[in-house]
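First the structure, in the form of structure tokens, and then the observations on it.
Bear in mind that the values in this text are calculations on the coordinates, not laboratory data. For clarity, every value in this text was computed on a predicted model and none was experimentally measured. Cβ placement follows ideal geometry from the backbone for every residue including glycine, while neighbour counts extend to all protein chains displayed.
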Amino acid sequence: MIPRMELYIDTANIDEIREAAALGVLDGVTTNPTLIAREGVAFHERMAEICDIVAGPVSAEVVALDHDGMIAEADELLKIANNIVIKLPCTFDGVKACKTLSDRGVRVNMTLCFQPLQALMVAKAGAFLVSPFIGRIDDIGGDGMDLIQQIRTIYDNYGFETKVLAASIRHPLHLVQCALVGADVVTVPMKVIKQQMSHPLTDKGLEGFLADWNARKE
Ligand code: G3P
């Protein structure tokens, strides 16, 4: 199969998800506890609504910090729909829970990844996705794209199948750079999805075409 970059939307807002799905090129959705809290809605009900709209992977994050608590929450989340992906933190217990769930055939998204060794460990534990947060690294003066590049190289060196999901995307340049270094998936806020298809010269060109069209003589 020819590899292609997948596009997810990073939100728990139903209107945004519907609007992005209508584009016809949306592959999945990521949520996190902050995005759910922002909506002021019941967690499981909202995840069910999202899974009704998008057939691709929909990440739902646990809030437990220990292995057994993570597995218990995951088991409840997995009852919602068969496209639910369990999102776990890149911690010691998170890796353990990733291995437990992956061995059962559950797809896991390992989140809050900030260094390549976390990505290596979660790939060994069978993660379906790893989520390096590039914007948050840039925010503190680092280079988030370096992390994507390092993970890409490590995964390619050893043939790991875990997909690199670039998260914490702040602007269109992040997307260009992700495509150049070969991120498998990008999860993007609605604002940036819209910015991707916007250019002043496109607007100016259209304005000129329409002005000429309306002034034509037949
Ligand atoms: O959903 C995870 C990630 O994309 C969060 O992004 O903007 O809160 O750093 P941000």
inquiry  = Here's a check for you: in region 122-133, which residue that is more than 10 Å from the ligand (Cβ to nearest atom) and farther than 13 Å from residue 185 by Cβ is surrounded by the fewest Cβ atoms within 10 Å (Cβ to Cβ)?
reply    = 124
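Here's a check for you: in region 1-14, which residue that is touching a residue at least 40 places away in the same chain (Cβ under 8 Å) and not in a strand (DSSP E or B) is surrounded by the fewest Cβ atoms within 10 Å (Cβ to Cβ)? I'd like the intermediate steps shown before the answer.
So the first thing to find is which residues in region 1-14 are touching a residue at least 40 places away in the same chain (Cβ under 8 Å), and the list is 3, 5-11, 13.
From what is left, the residues that are not in a strand (DSSP E or B) are 3, 5, 11, 13.
Values: 3: 8, 5: 14, 11: 24, 13: 19.
Step by step, filter region 1-14, then rank; the result is 3.
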key: Members of region 25-53 that are touching a Pro at 6+ places or on another chain (Cβ under 8 Å) and either assigned to a strand (DSSP E or B) or without any contact (Cβ under 8 Å) to a residue 60 or more places away in the chain (or both)   = 28, 29
query = Which ones in region 1-41 are of a type in the set (Val, Ile, Thr) and under 10 Å from the mean Cα position of the chain (by Cα)?
reply = 9, 11, 29, 30, 31
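Is there a residue being closer than 25 Å to residue 189 by Cα, within 16 Å of the ligand (Cβ to nearest atom), without any contact (Cβ under 8 Å) to a residue 12 or more places away in the chain and of a type outside the set (Gly, Ala, Ser) anywhere in region 134-141?
If we filter region 134-141 for residues that are closer than 25 Å to residue 189 by Cα, which is where we start, we get 134-141.
Imposing the further condition that a residue be within 16 Å of the ligand (Cβ to nearest atom) reduces the set to 134-141.
Narrowing the set further to residues that are without any contact (Cβ under 8 Å) to a residue 12 or more places away in the chain leaves 139-141.
Narrowing further to those that are of a type outside the set (Gly, Ala, Ser): 139-140.
Yes; the residues of region 134-141 include at least one that is closer than 25 Å to residue 189 by Cα, within 16 Å of the ligand (Cβ to nearest atom), without any contact (Cβ under 8 Å) to a residue 12 or more places away in the chain and of a type outside the set (Gly, Ala, Ser).
Inside region 89-111, can you point out the residues that are within 21 Å of residue 27 (Cβ to Cβ) and of a type in the set (A, V, I, L, M)? Full working, then the answer.
First, the residues of region 89-111 that are within 21 Å of residue 27 (Cβ to Cβ): 102, 105-111.
Of everything in region 89-111, those that are within 21 Å of residue 27 (Cβ to Cβ) and of a type in the set (A, V, I, L, M) turn out to be 106, 108, 110.
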note = Residues in region 89-121 that are more than 16 Å from the ligand (Cβ to nearest atom) and in contact with a Pro (Cβ under 8 Å, 6 or more places away or on another chain) total 1
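When you go through 74, 81, 60, 119 one by one, which is the residue that is under 21 Å from residue 10 (Cα atoms) and assigned to a strand (DSSP E or B)? So that I can check it myself, show each step before the final result.
Values: 74 fails: assigned to a strand (DSSP E or B); 81 fails: assigned to a strand (DSSP E or B); 119 fails: assigned to a strand (DSSP E or B).
Exactly one residue qualifies, and that residue is 60.
Do we have residue 212 as more than 16 Å from the ligand (Cβ to nearest atom), assigned to a helix (DSSP H, G or I), over 23 Å from residue 9 (Cα atoms) and without any contact (Cβ under 8 Å) to a residue 24 or more places away in the chain here?
Values: more than 16 Å from the ligand (Cβ to nearest atom): yes; assigned to a helix (DSSP H, G or I): yes; over 23 Å from residue 9 (Cα atoms): yes; without any contact (Cβ under 8 Å) to a residue 24 or more places away in the chain: yes.
Against the criterion (more than 16 Å from the ligand (Cβ to nearest atom), assigned to a helix (DSSP H, G or I), over 23 Å from residue 9 (Cα atoms) and without any contact (Cβ under 8 Å) to a residue 24 or more places away in the chain), residue 212 qualifies.
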task = State the number of residues belonging to region 31-69 that are under 17 Å from residue 187 (Cβ atoms), away from the ligand (no atom under 16 Å from the Cβ) and surrounded by fewer than 15 Cβ atoms within 10 Å (Cβ to Cβ).
result = 1
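Can you find, within region 96-116, the residue that is nearest to the chain's Cα centre (by Cα) among those that are crowded, with 21+ Cβ neighbours inside 10 Å and assigned to a helix (DSSP H, G or I)? Before the answer, list the steps.
Filtering region 96-116 for residues crowded, with 21+ Cβ neighbours inside 10 Å gives 97-98, 101, 108-111, 113.
Those still in the list that are assigned to a helix (DSSP H, G or I) too: 97-98, 101.
Details: 97: 20, 98: 17, 101: 20 Å.
Step by step, filter region 96-116, then rank; the result is 98.
In the list 88, 78, which residue meets the criterion of being of a type outside the set (Val, Ile, Thr), free of Cβ contacts under 8 Å to residues at least 60 places away in the same chain and out of contact with any helix residue (DSSP H, G or I) (no Cβ under 6 Å at 6 or more places or on another chain)?
Of 88, 78, the one residue that is of a type outside the set (Val, Ile, Thr), free of Cβ contacts under 8 Å to residues at least 60 places away in the same chain and out of contact with any helix residue (DSSP H, G or I) (no Cβ under 6 Å at 6 or more places or on another chain) is 78.
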ask   = Got at least one residue in region 15-24 being more than 24 Å from residue 193 (Cα to Cα), touching a residue at least 12 places away in the same chain (Cβ under 8 Å) and surrounded by 13 or more Cβ atoms within 10 Å (Cβ to Cβ)?
value = no
